[in-house]
RNA sequence: GGCCCCGUCGUCUAGCCUGGUCUAGGACACCACCCUUUCACGGUGGGGACAUGGGUUCGAAUCCCAUCGGGGUCACCA
């Protein structure tokens, strides 16, 4: 590694799935490193022993990999298909999981204590909470009061001995009394006045470092040159700068990115899913008085007392929220990358949209429009700190959906069919089996035709199931929409119905059962019956085949159904509506 | 409340640094029309913003100040 090489890092704490905001941070860090010809690092900040888990760390890495955000340095990840990420990571003492680096932090802590820049403190957290509460009640800003026996720059042997003898303690920083300037690459110079910092904790009673301390040590020891993170960390940065000075470390370049919010300006959080599910549950109960939490729980396959508690707002169980969403047929708001993936978004649309949330290439297309559509290589080649905005932004799912729709539309029919099927096999196995069966060439040919017919009508893979509905039910497994029947079959003295009856033999005798000939046959039929256009027969046919007057073009629809199903459905419709 | 950050269409933004070319451009959404066998796709057009008030200047979305508004942060979470 040369001394000028840029090193950025994304450092999630493994306490859940990868949040969409975290994905944006990772994307910007990745893009900047690539742009500068440097390295992008992934570090796992698992110093909160109670909340961290290895499954979560693995999940976050898989989500990053799925998005195409690959790290040069960090844990090794082996993916199905032989893909490996982090295979050429730099070998760093202690590795990339903070929990396994505790001896390193302890070494640095001791150095700080010996030089009089840190000291053990013995107050319990209840005691401090009480002090904080009292200060808040008195409308005072609480700052930890430095004990009288602490002198900056002087080693306190007394306290160190007590700590060494095993007395419960934390280690606190001797915060400097001076102005601290952070030269932020996004926000410009940010200053905080002397005395704003108090003696914050560096090492917790359980022996793990706090976030502040671990971050400062790791960024130095791992050679991080640029710290790009969300603006919520801005207020922490002076602490980090002060610590770096006390430890004799470099100060990396900082850049704080704007925050991402919901449409209602609230912070995007996984609790939003619980909120949406709860609202849906409540409105279901209100609309249908025969329902109760018990019957709902039964339908959801969940414990009724838990469901009742969930509705009452006593818990925000993600499991119950997911079950409620599935049971009531509503889509919960996507918050985590895994949610978008499950709902059928593609990585290229997500990363493109995310890149535009807080950054802009500032380039016009030849026809004078802002350049908005670009891929990962473009980002890697053009990303710049200067063009990161300062203002917080609202996450607009509707625009993301539009990007996703465009991404799907840009695929060839074969590509779309492949992606759609892969998604379906994971998230909708029943539908996958129904539409593609064993994946034999004959089945795939028909499936690809369906995929092509549905592609322009879908915003996501999940959404593509909607226009494919006619192919997902049995020939007698759908109902005829009364309004559609009335309008297209019964109106005008049953004209639609008699046309449909007359069409049947024409279709039954059609030899070449493929889109072109089928469409030609229907057109010929319309001409022979003096219809102004084929709508007069097309709409009744649609009602017969799908139950509603909406379907993809008829040539495709009939081909996908096959001749036998088509005739069976017409017969059933004639019998039912005639 | 203290400290810090931010303020262009409903939303994401271009323009701001280097005042005039801005009767403020684009995208998503919305509306209308066209295309069309339906639903979509596509095409054309439309409504829609410089938070407010003061300065500076011949001239301010662009520079300065104030006000108002929004956000972040004040843990032995990260």
Within the range A:536-568, residues more than 8 Å from RNA strand B (Cβ to nearest atom), within 17 Å of residue A:520 (Cβ to Cβ) and in contact with a helix residue (DSSP H, G or I) (Cβ under 6 Å, 6 or more places away or on another chain) come out as A:537, A:556, A:558, A:559, A:566
Hey, among A:246, A:214, A:205, A:242, which residue is surrounded by 17 or more Cβ atoms within 10 Å (Cβ to Cβ), more than 24 Å from residue A:392 (Cβ to Cβ) and within 9 Å of RNA strand B (Cβ to nearest atom)?
-> A:214
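Determine, yes or no, whether residue A:308 is in contact with a helix residue (DSSP H, G or I) (Cβ under 6 Å, 6 or more places away or on another chain), more than 12 Å from residue A:273 (Cα to Cα) and not in a helix (DSSP H, G or I). Before you say what the answer is, go through the steps one by one.
Values: in contact with a helix residue (DSSP H, G or I) (Cβ under 6 Å, 6 or more places away or on another chain): yes; more than 12 Å from residue A:273 (Cα to Cα): yes; not in a helix (DSSP H, G or I): no.
So residue A:308 fails the test.
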If we take the range A:1-117, then helices (runs of 4 or more DSSP H) inside it with 2 or more residues that are more than 30 Å from residue A:205 (Cα to Cα) are A:20-35, A:54-67
For residue A:151: the one exception among (1) under 30 Å from residue A:223 (Cβ atoms); (2) more than 14 Å from RNA strand B (Cβ to nearest atom) = (1)
Within the range A:136-157, identify whether any single residue is under 28 Å from residue A:31 (Cβ atoms) and touching a helix residue (DSSP H, G or I) at 6+ places or on another chain (Cβ under 6 Å), and answer yes or no.
-> no
Selection over the range A:118-133 where residues are within 8 Å of RNA strand B (Cβ to nearest atom), within 15 Å of residue A:200 (Cβ to Cβ) and not in a helix (DSSP H, G or I) yields a count of 2
All positions within the range A:537-569 that are surrounded by 19 or more Cβ atoms within 10 Å (Cβ to Cβ) and more than 44 Å from the chain's Cα centre (by Cα) | A:537
Check residue A:17 against each of (1) buried (at least 17 other Cβ atoms within 10 Å of the Cβ); (2) at pLDDT 95 or above; (3) within 24 Å of the chain's Cα centre (by Cα); (4) more than 17 Å from residue A:226 (Cα to Cα) and name the one condition it does not meet.
-> (2)
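If you go through the range A:269-298 one residue at a time, how many are touching a helix residue (DSSP H, G or I) at 6+ places or on another chain (Cβ under 8 Å), surrounded by 15 or more Cβ atoms within 10 Å (Cβ to Cβ) and not in a loop (DSSP other than H, G, I, E, B)?
So the first thing to find is which residues in the range A:269-298 are touching a helix residue (DSSP H, G or I) at 6+ places or on another chain (Cβ under 8 Å), and the list is A:270, A:273-274, A:276-278, A:280-282, A:284-285, A:291-294, A:296-298.
Those left that are additionally surrounded by 15 or more Cβ atoms within 10 Å (Cβ to Cβ): A:270, A:273-274, A:276-278, A:280-281, A:284-285, A:293, A:296-297.
Within this subset, residues satisfying the condition of being not in a loop (DSSP other than H, G, I, E, B) are A:273-274, A:276-278, A:280-281, A:284-285, A:293, A:296-297.
Residues flagged as touching a helix residue (DSSP H, G or I) at 6+ places or on another chain (Cβ under 8 Å), surrounded by 15 or more Cβ atoms within 10 Å (Cβ to Cβ) and not in a loop (DSSP other than H, G, I, E, B) within the range A:269-298 amount to 12.
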Residues being near RNA strand B (Cβ under 6 Å from one of its atoms), at pLDDT below 95 and not in a loop (DSSP other than H, G, I, E, B): count how many of those fall in the range A:347-372.
-> 1
Got a number for residues in the range A:58-72 being surrounded by 22 or more Cβ atoms within 10 Å (Cβ to Cβ) and under 18 Å from the mean Cα position of the chain (by Cα)?
-> 6
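The values are calculated or read from the model by the stated rules, or taken from the named source; none is laboratory data. All values derive from a computational prediction rather than experimental measurement. FYI the Cβ positions are ideal-geometry reconstructions off the backbone, even for glycines, and counts take in every protein chain you see.
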